[in-house]
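Just below is one structure, and these are the notes that go with it.
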Amino acid sequence: MSSLSRELVFLILQFLDEEKFKETVHKLEQESGFFFNMKHFEDQVQAGEWDEVEKYLCGFTKVEDNRYSMKIFFEIRKQKYLEALDRHDRAKAVEILVKDLKVFASFNEELFKEITQLLTLENFRQNEQLSKYGDTKSARNIMLMELKKLIEANPLFRDKLTFPPFKNSRLRTLINQSLNWQHQLCKNPRPNPDIKTLFTDHTCAPNNGARAPPPTNSSIVGPIPKPAGGFPPIGSHSPFQPVVSPSSAIAGWMSSTNPSLPHAAVAAAPPSLVQPPTAAQYLKHPRTPTSVPGMDYQSNDTEHLMKRIRTGQSDEVSFSGATHPPNIYSQDDLPRTVARTLSQGSNVMSMDFHPQQQTILLVGTNVGEIAIWEVGSRERLAHKPFKVWDVSACSMPLQTALMKDAIISVNRCIWGPDGSILGVAFSKHIVQIYTYSPTGELRQHLEIDAHIGGVNDIAFAHPNKQLCIVTCGDDKTIKVWDAVAGRRQYIFEGHETPVYSVCPHYKENIQFIFSTAIDGKIKAWLYDCLGSRVDYDAPGLWCTTMSYSADGTRLFSCGTSKEGDSHLVEWNESEGAIKRKYSGFRKRSLGVVQFDTTRNRFLAAGDEFMIKFWDMDNTNLLTTAEAEGGLPASPRLRFNKEGSLLAVTTSDNGIKILANTDGQRLVRMLESRTFEGTRGPSEPINTKPPIVNALGPVGNVSTALASPLDRPDRIPPQVSIVSLGPMDSSRTPDVKPRVTEEVDKVKSWRLPDIVDSAQLKALRLPDTMTTGKVVRLIYTNSGLAVLALASNAVHKLWKWQRTERNPSGKSTASVAPQLWQPTNGTLMTNDVSDANPAEESAACIALSKNDSYVMSASGGKVSLFNMMTFKVMTTFMPPPPAATFLAFHPQDNNIIAIGMEDTTIQIYNVRIDEVKTKLKGHQKRITGLAFSQTLNILVSSAADVQLCVWSTDGWEKRKSKFIQAPAGRSGPLVGETKVQFHNDQIHLLVVHESQIAIYDSKLECMRSWYPRDALSTPISTAIYSCDGLLVYTGFCDGAVGVFDADSLRLRCRIASSAYIPSSPASSSVCPMVIAAHPSEPNQIALGMSDGAVHVVEPSDTEPKWGGLLPQENGNLPSIPSNSALNSQSSEQPPR
């Protein structure tokens, strides 16, 4: 290929990699032979994909090319041969010897003979040279080291191991430049040109036959000077504005003053070309590290962050802008009517509505107290005066600060992503984290000595799918803390003044943090140690906060200058430029203006003793609300998630709740709500996580910290705290006295708990046979019977009869079924192994679609039974290894996937009695199999807690992943792991004693739930309901949890006392397996550890589990993935 062709291939490779066309990337690498991707090669070798390894290598070299190439192929084929011998697969070993290794005999006949003799050994390690051969994994790693040396020494790979140092998205950049030049050189330029296709050159037709003057400074002949990092200047006639010099204050979205990392100019996303003549265009300058270990290309996710967060139709030049939905809201949707007035008793500094419970408001004040309000009933549910939890654990700078001046204010309080945790940032050093549990407790969780001076902001984020706390402070740093133990994970330094606010966010799989400082500098950080990726100026150059719209697609900031000029703007993320600036502020604001967003449509800010509203797509003021007066000059405000309520601070230390029509209806409904029960006693003494001191002694603190006078919005009134103990709360006489000092039992959002047999319908199925525990349990597909397999290898079948009480004949807890047997009294009993008793063997069962046959095994042969006669039709697969799981192919009942005790999965054709293929990828016995007919895949799980995805077309392995251990759990996970596809055939339920989790088809964990609170014992089993809306989960204490399948939020808990008759031994009995009825989503059958089977349904008065959760009960909190505190992996935008 020519040099130009070679460079084009590199550009295409980079583009394909950025767009995640992984298979196409590697195919092009192989076919072109221009770039050998060492990481891809390593992955193939470690996975043992030998055919793919050789196919990829053949794009660069052949066996006979040179001695290096010969040695490379020999090592690969030798390893493949030894692995076949290690598996005792002699036939495969002979095939490899004849087809693959014989080619080397002509070069070294003695070596080939020695290799052949390995076939005669029981264990090839008896050969002295191979005596140190370990397991397969370590052997592959050792071979890889040798292969890498050979490849690097091979002259055929010279200049093919390093990808050219392209700037990010270089192909897009070149196309962007080309399109810009076409418009610049157009004979009839338009103010707003449009390009319909890339496949033809652009021309603008003359307007009314008139010809526009040609470009004044564009010369087709002769070179045009090109500014560093941008396109050539364009004349005043052009619709594109001149590029701003890098020396400008906002020279680029990605510029930086750090000389240690090079700058690289990267073009924006291709233009949508709808820019008005007055819009300014800036080019960004991303900071690209010269080398980052482990990267396939320089344009991986971490490096082209700002390339991958393009959203929204831009006024700037942008190809791939997605238009925002049309405005479907009116001014009537804005909450402008005062619905409630709350008296806090001290100046409110921060507020935040619960992310799920729409009327729960968290409040922090200037005297360091926090409160939780139910705004509908006007009840203060919780109150925590400021107190250092452990003074002895405080750093010396904090102790000194407290001794000198005990005035402490809340700077920010915020709920965690799902509302099960909240954080409070104080004006001196400290961050306090509380847990807010479904059982109604607000408990101390973490106290972190986070910053020297004030902690100015706090937020929650999910880097690496782990819940973390992000803080910033007067010490000019941003820090990230583990939300479980409080350990510091990252510290970001680079601001020259105190950091005022943080805004964590994510786009696709890229996590980042925006930060603002009081000098107006805005920076962006990835979770690494490579410095800030962004350095530009916010309008006003002073106190600024940033926030995304609720859907995470649009970025806004609001700030006030020292002179009192306020600026509310929307940013173009792909350009790093201001997209639009909203008008309507007072010339000289009397404080730092605060703002919030709602419904992906409206903006609100507090200014001029009122609330001002804007439509996001219109820069002009939409409307205002004075809230019946009494507001401060710059009131603080906060929308609830639905946008139906707006909390606004008042001048008399109170809060007004503004509502729209929906909000008024909501608070009226809650007004008469009563709280049941009484509050709990004081919090018992238990061990709290210690206060975290991440900073050492500091010499001169005062010089590094900003004066409080620099930030008037953070100046609390002079209220002295005389001690570090609880404060006197007598200043709030209007509040109902329902608060204890340590534990606040919040009685709203109470979880339905079924503890009595009168609350449900339960039936223990009649059973005259004495058997062991129930190990497998299924309904027939017709829903007319239940089939159980006990640990003694005996099956039991219960059938419901048509009666007057049960005319349908379907299974029900209201009518007892018959324990059915053929007239000859035959028992349906599995074959058992002589080596292992049935009680100690893994059992498995699968039912044909027409309910005629059942396939089953209990450690011995797999048996096929006739369900009518209980006769054994056939047996197959004698152990060892024993079958541990069975699954029928969804499209062919003759094909069965059989999980084995030896870690393999055998694809077996019953009709011809033949194993089609063996799938290998697990390290321990198979415990779960699930087919997806939609995706044409089989997902397997095993006792090694690994999930594997196999294609049902060619049975090749697509992906594997280990399930994640709950945060704080010591030691690796082991034990049975089960899988089940949702009705959509895309989402996957994964069950382990430590968790239930929902995964997508790419094995990404979407959300998970870990045992805790009232359901704290290990999980024994779980299954989807037939409609896919619920997940039934059994626990080792006998309880059953009913969860929403979509969110994994607990709907209700069924205690064992509700369905097990009272007996002394009942406390040790638990459901070993749960079966879901095939057509009744609220009916389940429980197979118990004592051999009993119970059918359970909701009561007639409450037809669904957990009932129809009333709106006043809100949503029960779930928990983020990978957190011991929380169970839902999906994260809401934290700001």
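Out of the residues in region 571-615 that are basic (K, R) and over 19 Å from S549 (Cα atoms), state the one that is surrounded by the fewest Cβ atoms within 10 Å (Cβ to Cβ). Applying the filter and picking the extreme gives K587.
For beta carbons closer than 7 Å, sequence separation of 6+ or different chains, a first residue in region 883-895 that is under 14 Å from V915 (Cα atoms) and a second that is among the charged types (D, E, K, R) and surrounded by fewer than 17 Cβ atoms within 10 Å (Cβ to Cβ), the qualifying pairs are N894/R911. G559 fulfils the conditions (1) open to solvent by 20 Å² or more (accessible area, probe 1.4 Å); (2) in contact with a strand residue (DSSP E or B) (Cβ under 8 Å, 6 or more places away or on another chain) except for a single criterion, (1). For region 839-876, the tally of residues that are touching a residue at least 24 places away in the same chain (Cβ under 8 Å) and under 41 Å from the mean Cα position of the chain (by Cα) stands at 19. Among the residues of region 589-616, count how many are over 30 Å from the mean Cα position of the chain (by Cα) and part of a loop (DSSP other than H, G, I, E, B). Of the residues in that region, 7 qualify. Only one of the numbered conditions (1) modelled with pLDDT of 85 or more; (2) open to solvent by less than 40 Å² (accessible area, probe 1.4 Å); (3) out of contact with any His (no Cβ under 7 Å at 6 or more places or on another chain); (4) of a type in the set (A, V, I, L, M, F, W, C) is not met by L789, and that is (3). Residues that are of a type in the set (D, E, K, R), open to solvent by 10 Å² or more (accessible area, probe 1.4 Å) and in contact (Cβ under 8 Å) with a residue 24 or more places away in the chain number at least 1 in the following strands (runs of 3 or more DSSP E) confined to region 987-1037: 1005-1009. Of the helices (runs of 4 or more DSSP H) lying entirely inside region 1-117, those containing at least 3 residues that are under 30 Å from R172 (Cα atoms) span 3-18, 22-32, 38-46.
Looking only at region 150-177, residues that are β-branched (V, I, T) and part of a loop (DSSP other than H, G, I, E, B) come to 1 in all. When region 926-976 is limited to residues that are of a type in the set (F, W, Y) and assigned to a strand (DSSP E or B), the one that is least open to solvent (accessible area, probe 1.4 Å) turns out to be W950. In the set E19, E110, only one residue is more than 25 Å from R958 (Cβ to Cβ), surrounded by fewer than 20 Cβ atoms within 10 Å (Cβ to Cβ) and either out of contact with any helix residue (DSSP H, G or I) (no Cβ under 8 Å at 6 or more places or on another chain) or of a type in the set (V, I, T) (or both); that residue is E110. Within the option set L568, L530, being of a type in the set (A, V, I, L, M), modelled with pLDDT under 85 and either open to solvent by 20 Å² or more (accessible area, probe 1.4 Å) or more than 22 Å from Y490 (Cβ to Cβ) (or both) holds for one residue only, L530. The listed residues are I430, I407, and the only one of them that is at pLDDT 90 or above and either over 27 Å from G552 (Cβ atoms) or β-branched (V, I, T) (or both) turns out to be I430. Residues in region 516-527 that are open to solvent by 20 Å² or more (accessible area, probe 1.4 Å) and in a loop (DSSP other than H, G, I, E, B): D519, Y527. The set of residues from region 42-63 being in contact (Cβ under 8 Å) with a residue 24 or more places away in the chain and of a type in the set (A, V, I, L, M, F, W, C) comprises V45, A47, W50, C58, F60, V63. Restricting attention to region 1009-1057 and to residues that are of a type in the set (D, E) and within 24 Å of the chain's Cα centre (by Cα), the residue that is farthest from P1081 (Cα to Cα) turns out to be D1013. The residues in region 53-62 that are crowded, with 18+ Cβ neighbours inside 10 Å and either within 24 Å of T136 (Cα to Cα) or in contact with a Ser or Thr (Cβ under 6 Å, 6 or more places away or on another chain) (or both) can be counted, and the count is 4. When I414 is tested against (1) under 25 Å from L467 (Cβ atoms); (2) open to solvent by 10 Å² or more (accessible area, probe 1.4 Å), only condition (2) is not met. Considering region 325-378, the residues that are acidic (D, E) and within 19 Å of T650 (Cβ to Cβ) include one that is surrounded by the fewest Cβ atoms within 10 Å (Cβ to Cβ), namely D352. With respect to the conditions (1) of a type in the set (D, E); (2) farther than 20 Å from D390 by Cβ; (3) in a strand (DSSP E or B), D475 falls short on a single one, namely (3). Within region 536-558, the residues that satisfy the criterion of being more than 24 Å from the chain's Cα centre (by Cα), more than 20 Å from N411 (Cα to Cα) and in a loop (DSSP other than H, G, I, E, B) are A538, P539, G540, L541.
The combined condition, being touching a Leu at 6+ places or on another chain (Cβ under 9 Å), closer than 19 Å to N781 by Cβ and among the β-branched types (V, I, T), is not fulfilled by I895. When you check P539 against the structure, is it crowded, with 24+ Cβ neighbours inside 10 Å and in contact (Cβ under 8 Å) with a residue 40 or more places away in the chain, yes or no? No.
The values are calculated or read from the model by the stated rules, or taken from the named source; none is laboratory data. These numbers were taken from a predicted model, which means no experiment stands behind them. Positions of Cβ are backbone-derived with ideal geometry, glycine not excepted, and every protein chain shown enters the neighbour counts. Please note that ligands, DNA and RNA were not included when accessible areas were found on the heavy atoms of the full protein model with its side chains. Shrake-Rupley method; radii C 1.70, N 1.55, O 1.52, S 1.80 Å.
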